[in-house]
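Every number in this text was worked out from the coordinates using simple rules, so none of it is lab data. What you see is a predicted model, and the numbers here were worked out from it, not measured in a lab. Ideal geometry is used to build each Cβ from the backbone, glycine not excepted, and the neighbour counts take in all protein chains shown.
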Amino acid sequence: MRNYAIIKKYSKGFTLIEILAAFFIFSLIFAVGVQLGTVSLRTVALTHHYNQVAFWAESTLIELRHSDDLKEGTESGSYNERINWELTISAYDTHWDHSNIDTLEKNNLNQKNNNLPGYRLLHAKLHIIEKNTRHNTTFTTLIPVAVDTKKTVPTLTE
C-alpha cells in the first residue's frame, strides 16, 4: 500500500481543463494556418491569371507593332471564352498647348516633337474585358509609322 501512496503523491498528470485548453489553442493555430494557406493559393492563382492576361496583351501589341498595314479604327476579338479584347488605333497629336510654359522650354518641346520627320504616331489602346468580373484592364502604346511606306520604325533590338 505504501508504494501506491508514493506513486500517487508524486505522479502529476494533466487535468481535463488543461487538455481542453491545449486542444483549443492547437485548433486555433491550425485554423489560422489553413486560412493563410488558402489565401496564399488564391493569390498565386490570381497572379498567374493577371500575368497571362498581360502576356496576351503584350503579344498583341508587339504583333501590332510589327504589322505592315496599320489603320485607324477599332477591332475586337477574344483570347479565350472568358477574356475579350478591343483594340482602338487613332492618330496621336504631338502638338501641345504651350501657353503656360516659358520660351526656352517651348523651343525644347518643339524640337522633341519634330525628332521623327517623315513619321507619324499612332496611339494604340488595347482594352481587356473579362466576362462575369469587374476586372477590366487597358494597355496603351505609341507606334511610329513612316508616312510614305506605312512601315513601322525598327526598334534597337531588331
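Observations, loosely collected:
- For segment 14-89, the Cβ-based charge dipole about the Cα centre amounts to some 460 debye (Lys, Arg positive; Asp, Glu negative; other atoms uncharged).
- Ranking of 12, 71 by count of other Cβ atoms within 10 Å, fewest first: 12, 71
- Counting neighbouring Cβ atoms within 10 Å and putting the fewest first, the residues 24, 139 line up as 24, 139.
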